[in-house]
Amino acid sequence: MSTHTVNPARDTARSRISKISTDDSHTFFFDHPLDHIPGMLVVDTALRQAEDMAARTGRGAAEPLRVRALDLAFNGLCERGSDAFVQLTEGVPGGRALTVDVHQDGTSVCSGSLRLEPAPRRELFTEEPQEEPRGESRPARAPAELVHKRSEDNVLIGPLTRTGDHVYTTVMLGPPAHRWPDVHPATVLVEAIRQTATATSHTAWDIPTDWQYILMSIRLALSDTRTWPAAPELRCRVSPLKGRARGGIDIDVLVRGTQVGHMRLEARAVPPAAYRRMREAQKSPAQKSPAQKNPSQNGPARAGEAAR
């Protein structure tokens with residue numbers, strides 16, 4: 001199943017415009033009903049189209065590509081019921097550094113840049129085979145509620161552990177390519193880091209789990225684009241302040257004790273009632289889809305859903 005479509009007529013030598021295509025049955029992006037296009041789907045569309053763009057021009061057809069850097073600012077929620085497009089433009093002809101602009105109804109809802117580099121393999125990491133403990137069929141996972149998921153199958157991190165003053169650590173769980181072969185490996189990493197930041201914010205800052213999280217920006221940099229020999233450890237560092245409704249979290253990516261990357265995520269936490277008022281102010285009745293006009297058709301929206 002494809003999560004994006006391409007309009008060849010809108011390709012040029014150095015630019016591509018792709019329509020974001022949503023599929024509510026895709027459990028990676030739509031773990032529960034959402035009133036907007038999730039940020040991870042925006043990220044994934046940009047990454048997959050960048051790879052395809054390189055392959056079509058012959059620069060990536062013979063070699064896997066990995067993400068070296070991703071820097072995106074989310075200027076607003078990407079609404080459902082209206083076409084949204086990702087535009088990629090090469091910084092220099094033949095280069096793998098691209099600018100990203102996501103626009104909808106004439107407005108830029110996300111902008112930034114990404115950079116790809118050749119790599120031996122496309123996979124993010126491999127895991128050494130380990131025997132499962134007797135009586136256990138799967139590794140322990142963080143509580144789904146803490147990472148704003150409904151299904152435990154969509155939790156990508158283990159339980160959070162406090163490992164220092166204002167430092168919380170977890171591990172990314174096993175290569176999920178067999179479950180989501182059409183999702184870019186870097187998207188899976190970004191989502192695992194988002195889950196780590198979300199769980200840490202609830203734990204360290206005592207933010208209630210029913211608050212909505214609005215993603216503002218992500219900045220990912222990887223210093224090692226080889227396929228890692230083990231699952232990465234995610235180490236989250238937060239300020240000592242509690243109850244922050246808006247702020248950033250820094251997450252280090254480590255493999256066997258060596259740092260291989262870093263991501264900074266900024267988000268805003270909004271109480272449920274304030275989020276509802278904000279959404280009503282953003283959308284007129286004429287713009288609402290039938291499901292949004294009658295939310296009971298799909299059941300209540302899950303707490304925290306704006307985080308994706």
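PRE reach from Ala73 (point 7 Å along Cα→Cβ): which of region 85-116 fall under 14 Å by backbone N?
100-102, 108-113
Leaving out ligands, DNA and RNA but keeping every protein chain, what accessible area does Val183 have, in Å² rounded to the nearest 10, with a 1.4 Å probe?
Val183 has an accessible surface of roughly 10 Å² with all protein chains in place.
Length gain on complete extension for the stretch Arg237 to Thr258, per 0.36 nm per residue less the alpha carbon to alpha carbon distance? Let's see the in-between values first.
Working: separation 21, 0.36 × 21 = 7.56 nm, distance 1.64 nm.
Difference between extended and current length: 5.9 nm.
Give me the accessible area of Lys149, 1.4 Å probe, in Å² rounded to the nearest 10.
Counting only protein heavy atoms, the figure is 10 Å².
Set the Förster radius R0 to 45 Å, insert the Cβ-Cβ distance between Arg121 and Arg276 as r into 1/(1 + (r/R0)^6), and round the FRET efficiency to 0.05.
My answer for the efficiency is 0.50.
With every protein chain in place, what's the accessible area of Asp101 (1.4 Å probe, Å², nearest 10)?
So the heavy atoms of Asp101 present about 50 Å² to solvent.
So if each residue of separation counts as 0.36 nm, and I subtract the Cα-Cα distance between Val92 and Ser15, what length gain in nm does that give?
On the way: separation 77, 0.36 × 77 = 27.72 nm, distance 1.08 nm.
Gain on stretching Val92 to Ser15: 26.6 nm.
Please work out the FRET efficiency for the pair Asp165 and Ala140, using the Cβ-Cβ distance as r and a Förster radius of 22 Å; give the result to the nearest 0.05. Show your work: numbers first, answer last.
Working: r = 25 Å, r/R0 = 1.12.
With a Förster radius of 22 Å, E is 0.35.
The values are calculated or read from the model by the stated rules, or taken from the named source; none is laboratory data. Everything numeric here is computed off the predicted structure, so don't read it as measured data. In this analysis, Cβ positions are derived from the backbone assuming ideal geometry, glycine residues included, and neighbour counts consider all displayed protein chains. Keep in mind that these areas ignore ligands, DNA and RNA; they rest on the heavy atoms of the full protein, side chains included. Shrake-Rupley method; radii C 1.70, N 1.55, O 1.52, S 1.80 Å.
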